[in-house]
1. In nm, what is the difference between 0.36 nm times the number of residues separating Leu156 and Gln182 and their Cα-Cα distance?
2. Please determine, in degrees from 0 to 90 and to the nearest 10, the orientation of helix 168-180 with respect to the longest principal axis defined by the Cα atoms of the chain, where the helix direction is its Cα long axis.
3. For the range 46-143, with only Lys/Arg (+1) and Asp/Glu (-1) charged at the beta-carbon, what is the dipole magnitude about the Cα centre, in debye rounded to 20?
4. Report, to one decimal in Å, the Kirkwood hydrodynamic radius for the range 63-131 based on all distinct Cα pairs.
5. If one takes the longest principal axis of the Cα atoms in the chain, at what angle in degrees, from 0 to 90 and to the nearest 10, does the Cα axis of helix 66-76 lie?
6. Select from the range 1-72 those trypsin sites (Lys or Arg not before Pro) which occupy a DSSP coil region and have at most 13 other Cβ atoms within 10 Å, ordered by residue number.
7. For the range 1-113, what is the relative contact order in percent, using Cα pairs closer than 8 Å and at least 6 residues apart in sequence?
8. Of the heavy-atom accessible surface of the range 1-84 (probe 1.4 angstrom), what whole percent is carbon and sulfur?
Amino acid sequence: MSAEERKEFEAFKAEREKKRREEERKQQRQQYAVLVDEEIAATIPKLREVSEMLKKAKDDIFGNFETILKMKSEIIGTSSDEQYSHTFTNSDSTLRIILGVNCIDGYRDTVEDGIAMVKKYIESLAKDEATKSLVNAVLRLLSRDGQGNIKASRVLQLRKMAEDSGNEKFLEGVRIIEESYQPTVTKKYIRAQYKDDKGAWRYIPLGMTDVD
(Lines give C-alpha, C1' and ligand atoms only; values in the text may rest on other atoms or scores of the structure.)
Protein backbone atom coordinates (compact mmCIF):
# COMPACT_ATOMS: atom_id res chain seq x y z
CA MET A 1 0.00 0.00 0.00
CA SER A 2 1.39 3.33 -1.02
CA ALA A 3 1.56 6.30 1.28
CA GLU A 4 -1.28 7.96 -0.62
CA GLU A 5 -3.44 4.84 -0.40
CA ARG A 6 -2.72 4.50 3.33
CA LYS A 7 -3.71 8.12 3.83
CA GLU A 8 -7.00 7.56 2.01
CA PHE A 9 -7.62 4.34 3.96
CA GLU A 10 -6.99 6.08 7.31
CA ALA A 11 -9.34 8.89 6.29
CA PHE A 12 -11.99 6.32 5.36
CA LYS A 13 -11.61 4.57 8.74
CA ALA A 14 -11.82 7.89 10.60
CA GLU A 15 -14.97 8.86 8.72
CA ARG A 16 -16.52 5.44 9.34
CA GLU A 17 -15.68 5.72 13.09
CA LYS A 18 -17.14 9.22 13.21
CA LYS A 19 -20.41 8.00 11.67
CA ARG A 20 -20.46 5.05 14.08
CA ARG A 21 -20.10 7.35 17.09
CA GLU A 22 -22.77 9.67 15.74
CA GLU A 23 -25.15 6.77 15.27
CA GLU A 24 -24.34 5.50 18.75
CA ARG A 25 -25.08 8.91 20.30
CA LYS A 26 -28.31 9.12 18.31
CA GLN A 27 -29.40 5.73 19.65
CA GLN A 28 -28.48 6.83 23.19
CA ARG A 29 -30.60 9.97 22.80
CA GLN A 30 -33.49 7.88 21.56
CA GLN A 31 -33.11 5.45 24.48
CA TYR A 32 -32.93 8.40 26.87
CA ALA A 33 -36.15 9.90 25.44
CA VAL A 34 -37.93 6.55 25.69
CA LEU A 35 -36.75 6.11 29.30
CA VAL A 36 -37.93 9.62 30.24
CA ASP A 37 -41.35 9.02 28.64
CA GLU A 38 -41.75 5.71 30.48
CA GLU A 39 -40.78 7.15 33.87
CA ILE A 40 -43.02 10.19 33.47
CA ALA A 41 -45.93 7.98 32.45
CA ALA A 42 -45.35 5.82 35.55
CA THR A 43 -44.72 8.73 37.97
CA ILE A 44 -47.51 11.20 37.14
CA PRO A 45 -50.37 8.84 38.13
CA LYS A 46 -48.66 8.19 41.47
CA LEU A 47 -48.26 11.91 42.13
CA ARG A 48 -51.86 12.62 41.11
CA GLU A 49 -53.00 9.93 43.52
CA VAL A 50 -50.90 11.44 46.33
CA SER A 51 -52.27 14.91 45.47
CA GLU A 52 -55.86 13.67 45.65
CA MET A 53 -55.17 11.96 48.97
CA LEU A 54 -53.69 15.16 50.41
CA LYS A 55 -56.63 17.21 49.13
CA LYS A 56 -59.15 14.81 50.67
CA ALA A 57 -57.26 14.75 53.98
CA LYS A 58 -57.11 18.56 53.98
CA ASP A 59 -60.84 18.88 53.30
CA ASP A 60 -61.65 16.25 55.95
CA ILE A 61 -59.50 17.93 58.60
CA PHE A 62 -60.98 21.39 58.02
CA GLY A 63 -64.45 19.83 58.04
CA ASN A 64 -63.76 17.97 61.29
CA PHE A 65 -62.52 21.14 62.99
CA GLU A 66 -65.43 23.28 61.83
CA THR A 67 -67.48 22.55 64.96
CA ILE A 68 -64.45 23.25 67.17
CA LEU A 69 -63.84 26.58 65.43
CA LYS A 70 -67.49 27.60 65.95
CA MET A 71 -67.27 26.63 69.62
CA LYS A 72 -64.02 28.58 69.98
CA SER A 73 -65.71 31.68 68.52
CA GLU A 74 -68.60 31.37 70.97
CA ILE A 75 -66.33 30.87 73.99
CA ILE A 76 -63.84 33.63 73.16
CA GLY A 77 -66.39 35.94 71.59
CA THR A 78 -64.55 36.57 68.33
CA SER A 79 -65.41 35.68 64.76
CA SER A 80 -63.29 33.04 63.07
CA ASP A 81 -63.22 35.36 60.03
CA GLU A 82 -61.15 37.85 62.04
CA GLN A 83 -58.41 35.32 62.72
CA TYR A 84 -56.30 33.84 59.93
CA SER A 85 -54.76 30.96 61.88
CA HIS A 86 -55.85 28.73 64.75
CA THR A 87 -53.55 26.60 66.90
CA PHE A 88 -54.85 23.57 68.78
CA THR A 89 -52.69 21.66 71.29
CA ASN A 90 -53.67 18.48 73.11
CA SER A 91 -53.99 18.36 76.92
CA ASP A 92 -50.52 16.93 77.62
CA SER A 93 -48.90 19.35 75.14
CA THR A 94 -47.35 16.69 72.91
CA LEU A 95 -49.34 17.20 69.70
CA ARG A 96 -50.33 20.35 67.87
CA ILE A 97 -52.40 21.26 64.79
CA ILE A 98 -52.31 24.69 63.13
CA LEU A 99 -55.10 25.53 60.69
CA GLY A 100 -55.03 28.74 58.72
CA VAL A 101 -55.25 30.62 55.47
CA ASN A 102 -52.51 32.53 53.71
CA CYS A 103 -53.30 36.22 53.48
CA ILE A 104 -51.93 38.91 51.16
CA ASP A 105 -52.06 42.46 52.49
CA GLY A 106 -54.14 44.87 50.43
CA TYR A 107 -55.82 48.26 50.86
CA ARG A 108 -58.63 50.33 49.37
CA ASP A 109 -57.79 53.68 47.77
CA THR A 110 -58.65 55.55 50.98
CA VAL A 111 -55.37 54.30 52.43
CA GLU A 112 -53.61 57.16 50.62
CA ASP A 113 -55.56 59.72 52.68
CA GLY A 114 -54.52 58.03 55.89
CA ILE A 115 -50.89 57.83 54.81
CA ALA A 116 -50.88 61.53 53.89
CA MET A 117 -52.30 62.49 57.31
CA VAL A 118 -49.75 60.37 59.17
CA LYS A 119 -46.84 61.69 57.10
CA LYS A 120 -47.93 65.30 57.60
CA TYR A 121 -48.01 64.88 61.36
CA ILE A 122 -44.78 62.88 61.56
CA GLU A 123 -42.85 65.31 59.33
CA SER A 124 -44.01 68.23 61.48
CA LEU A 125 -42.05 66.72 64.36
CA ALA A 126 -38.69 67.02 62.59
CA LYS A 127 -37.14 69.92 64.48
CA ASP A 128 -33.50 68.82 64.76
CA GLU A 129 -31.20 65.96 63.74
CA ALA A 130 -32.33 63.74 66.63
CA THR A 131 -36.03 64.09 65.83
CA LYS A 132 -35.34 63.78 62.09
CA SER A 133 -33.80 60.38 62.73
CA LEU A 134 -36.89 59.32 64.71
CA VAL A 135 -39.21 60.67 62.00
CA ASN A 136 -37.32 58.73 59.30
CA ALA A 137 -37.63 55.55 61.37
CA VAL A 138 -41.40 56.04 61.69
CA LEU A 139 -41.79 56.86 57.99
CA ARG A 140 -40.05 53.60 57.14
CA LEU A 141 -43.05 51.85 58.68
CA LEU A 142 -45.07 53.33 55.82
CA SER A 143 -42.72 51.93 53.16
CA ARG A 144 -44.35 49.54 50.71
CA ASP A 145 -43.55 45.96 49.81
CA GLY A 146 -43.02 44.52 46.33
CA GLN A 147 -46.80 44.59 45.69
CA GLY A 148 -47.06 48.25 46.70
CA ASN A 149 -48.74 47.55 50.05
CA ILE A 150 -47.91 48.41 53.65
CA LYS A 151 -47.32 45.43 55.91
CA ALA A 152 -50.21 44.98 58.37
CA SER A 153 -47.68 44.32 61.16
CA ARG A 154 -46.19 47.78 60.59
CA VAL A 155 -49.62 49.39 60.86
CA LEU A 156 -49.93 47.80 64.30
CA GLN A 157 -46.66 49.48 65.28
CA LEU A 158 -48.01 52.79 63.98
CA ARG A 159 -51.19 52.29 66.01
CA LYS A 160 -49.11 51.91 69.20
CA MET A 161 -47.11 55.05 68.38
CA ALA A 162 -50.28 57.01 67.63
CA GLU A 163 -51.85 55.94 70.92
CA ASP A 164 -48.68 56.89 72.81
CA SER A 165 -48.58 60.31 71.11
CA GLY A 166 -52.23 61.11 71.88
CA ASN A 167 -52.36 63.27 68.74
CA GLU A 168 -55.82 63.13 67.14
CA LYS A 169 -54.57 63.72 63.58
CA PHE A 170 -52.03 60.92 63.94
CA LEU A 171 -54.68 58.61 65.40
CA GLU A 172 -57.20 59.50 62.69
CA GLY A 173 -54.65 58.85 59.95
CA VAL A 174 -53.85 55.41 61.38
CA ARG A 175 -57.57 54.64 61.72
CA ILE A 176 -58.11 55.45 58.03
CA ILE A 177 -55.24 53.14 57.09
CA GLU A 178 -56.67 50.37 59.26
CA GLU A 179 -60.18 50.82 57.85
CA SER A 180 -58.77 50.68 54.32
CA TYR A 181 -57.24 47.28 54.98
CA GLN A 182 -58.66 44.75 52.52
CA PRO A 183 -56.63 41.54 52.64
CA THR A 184 -56.90 38.84 50.02
CA VAL A 185 -57.28 35.34 51.44
CA THR A 186 -55.50 32.70 49.38
CA LYS A 187 -55.04 29.00 50.11
CA LYS A 188 -55.77 27.15 53.33
CA TYR A 189 -52.90 25.40 55.07
CA ILE A 190 -52.42 22.75 57.75
CA ARG A 191 -49.33 22.35 59.90
CA ALA A 192 -48.85 19.50 62.35
CA GLN A 193 -46.28 19.15 65.13
CA TYR A 194 -45.28 16.62 67.75
CA LYS A 195 -42.81 16.68 70.64
CA ASP A 196 -39.77 14.46 70.29
CA ASP A 197 -37.98 12.59 73.10
CA LYS A 198 -36.12 15.77 74.05
CA GLY A 199 -39.31 17.81 74.35
CA ALA A 200 -38.71 19.85 71.19
CA TRP A 201 -41.52 20.53 68.73
CA ARG A 202 -41.03 18.86 65.36
CA TYR A 203 -43.04 19.50 62.21
CA ILE A 204 -44.62 16.56 60.41
CA PRO A 205 -43.54 16.99 56.76
CA LEU A 206 -46.63 17.37 54.61
CA GLY A 207 -45.06 18.45 51.33
CA MET A 208 -42.77 16.76 48.80
CA THR A 209 -39.98 19.23 49.54
CA ASP A 210 -40.33 18.71 53.32
CA VAL A 211 -39.91 14.91 53.34
CA ASP A 212 -36.35 13.59 53.74
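The values are calculated or read from the model by the stated rules, or taken from the named source; none is laboratory data. Source: prediction; values computed, not measured. Reconstructed Cβ throughout: ideal geometry from the backbone, glycine too, with neighbour counts over all protein chains shown. Heavy atoms of the whole protein, side chains included, go into the accessibility calculation; ligands, DNA and RNA do not. Shrake-Rupley method; radii C 1.70, N 1.55, O 1.52, S 1.80 Å.
1. 7.9 nm
2. 40
3. 260
4. Roughly 16.4 Å, rounded to one decimal.
5. 30
6. Taking the range 1-72 and a limit of 13 other Cβ atoms within 10 Å, no loop trypsin sites (Lys or Arg not before Pro) are found.
7. 11
8. 55
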